[in-house]
1. Packing-wise, with mean Cβ within 10 Å as the measure, how do 57-67, 286-296, 492-502, 337-347 rank, highest first?
2. What is the stretch 424-518 by shape, rounded, prolate or oblate, if you read a ≥ b ≥ c off the alpha carbon gyration tensor as root eigenvalues and call it rounded for a/c under 1.5, prolate for a/b larger than b/c, and oblate otherwise?
3. Under the rule of -39500 (n - 2.57) per DSSP H run of 4 or more residues, summed and divided by the residues of the chain, what mean residue ellipticity at 222 nm is obtained, to the nearest 500 deg cm²/dmol?
4. Under the Karplus relation 6.51 cos²θ - 1.76 cosθ + 1.60, θ = phi - 60°, what is the ordered set of whole-Hz ³J(HN,Hα) values for the stretch 162-170, x standing for Gly and Pro?
5. Counting only protein heavy atoms, what percent of the accessible surface of the chain is carbon or sulfur at a 1.4 Å probe?
6. Name the shape class, rounded, prolate or oblate, that the alpha-carbon gyration tensor gives for the stretch 59-184, where a ≥ b ≥ c are the square roots of its eigenvalues, rounded holds for a/c under 1.5, and otherwise prolate holds if a/b is larger than b/c and oblate otherwise.
7. Could you let me know the centre-to-centre spacing of the stretch 336-387 and the stretch 169-240, using Cα atoms, in angstrom?
8. For the chain, what is the accessible area per residue in Å² when the probe is 1.4 Å?
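The values are calculated or read from the model by the stated rules, or taken from the named source; none is laboratory data. Here the structure is a predicted model, which means the values were calculated and not measured. Every residue, glycine among them, receives a Cβ derived from its backbone with ideal geometry; neighbour counts consider all protein chains shown. Please note that ligands, DNA and RNA were not included when accessible areas were found on the heavy atoms of the full protein model with its side chains. Shrake-Rupley method; radii C 1.70, N 1.55, O 1.52, S 1.80 Å.
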Amino acid sequence: MVTSPHRLASESGARILRDGGNALDAAIAIGATIAVVYPHFCGLGGDAIWIVADEEGRKDCFLGIGQSASILPDFDGDIPLRGPLSMLTSACAVDAWRHAHDYSVRNWAGDHSFSSLLDDAIGYAADGFPVTTSQNFWLDFRKSEVANWPGFSEVFMPGGIAPQVGTAFRQQELAASLQLIARDGPRSFYEGELGARIAKGLMAAGSPLTSADLAATQTRQSEPASLLYRGVELLAPPPPTQGISTLAIMGILSHFDMKQLTPGGADHIHLCVEAVKRAFLDRGLIADPDFANQPVEDWLSPPHLARSARSIDLERAMNWPQSFRPGDTVFFGVTDSAGRSVSVLQSTYFDWGSGVVVGDTGILWQNRGAAFSLDPRHPNVIAPKKRPFYTLNPGLGLNDGKPAYIYGTQGADGQPQTLSMILTRLIDFGEDPMTALTGPRFLLGKTFSDSRDTLKLEVNAGDPVFAELAARGHVLSPIDRLSPLSGQAGIIARQADGSLAGAHDPRGDGVALPVART
């Protein structure tokens, strides 16, 4: 089974599974296709984080995170959110595909060539695909800004007009870049003919990244962080990602009898919100472990989580004047007939990343450098060759050491918040994936459209829930039912009888597709 935010990407993965490929092969095909058909949220100029597990006991994390430039500019004020000086980190998504393919060959008997996994992506870039509602929305949302984004309008808004939903959208220069990767291999993005063109485009745009920075970009494989929740081993990526925050939230919630609550009721939402607040108190310390001490064992220790749980007042909300990090990404997941499972997030950080298209490559570069701090006392302060604090945190849940849940969501700061609702619905309340995804969700903090530090809650939570949460001191802002602000999540769940159930968020364009065993 596969799940992704776009039907064409899901179909790419399903095709590979039908052709005898394994879950990693399918995930690479999905990752390449989604980089073409969902350009507002991810692309070749971004990063990717993968978690993989199988029934033989393997569980690994691939951190495809680009590092900052070796020579950094002097900043006059804050790091820009867009433009060339937000392009401070290299892009590791393509190298993550390489790493995943190597792992597939070594461990899962993968026999699909790397180039064959890019066939669909190349075709959609060259021949076109129908513009989605999401792509059109985010073009319209940023239409007043794009004039200042080098190379952007020529690619994504030809003639200064956003393409309409359903019209064919082609990216010929991106197709040519993908063809070079297919011909010369994924490392050509960093060190080959394509890499030279990318470096030239980066320099021309005014980014500090150089060909040496591209060549130094490598995916790191590590052991996932983990936490036991109601007998399910939850896996998350380690620092510099906020995967630790997701695990901490669930560790705090483990001290409450969630099964006795009403799913989506005031008590359920209140406990999840308050657990998020406590876990996020440590989140500001997460940074690149090469540069800052990361006491993960302390943050996830039973005594620390128990103290956090005891500090929750069941009748009163804790004040929350914390900042919000906007950002967007895509989640996709795959499991194959042998139970080999993959959970992935790809991102260019904000919608449309830096806004800068690199030279003649058709590649939109990420603005992940904007996640760094300029405060020299902060663990996430920018430094040469450093990886920034990272919001991406795909997840896997294991039952008796075997993959049982594959999950993840779009949404920057909102990712751990959305996952708290999804995981409690799946594990505590026993809901199926679509029911778990459809239920009302919240987002604590500022958003693109509401700069107040309020608790955003979807209106279908109901008036009684709004009234009860307000009585407990939550400052609420209603948002639409199935609001895109609440993330776009995906789930694949393996049932006790071995059957699979999957879904992608009704808040987006995605779909889960079952694939018959062969």
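1. Numbers: 57-67: 21.4, 286-296: 17.0, 492-502: 15.1, 337-347: 25.5.
Those peptides, ordered most packed to least, come out 337-347, 57-67, 286-296, 492-502.
2. Values: a/c = 3.36, a/b = 1.98, b/c = 1.69.
Note, shape of the stretch 424-518 comes out prolate.
3. Working: 17 runs with 167 residues, N = 518.
After summing the helix terms and dividing by the residues of the chain, the value is -9500 deg cm²/dmol.
4. With the stated coefficients, the stretch 162-170 comes to 5, x, 6, 4, x, 6, 6, 10, 10 Hz.
5. Numbers: 9110 of 17980 Å².
Answer for the chain is 51 percent, counting heavy atoms of protein chains only.
6. Details: a/c = 2.34, a/b = 1.21, b/c = 1.93.
It is oblate, given that a/c is not under 1.5 and a/b is not larger than b/c.
7. Computed from Cα coordinates, the inter-centre distance equals 9 Å.
8. On the way: 17980 Å² over 518 residues.
Accessible area per residue: 35 Å².
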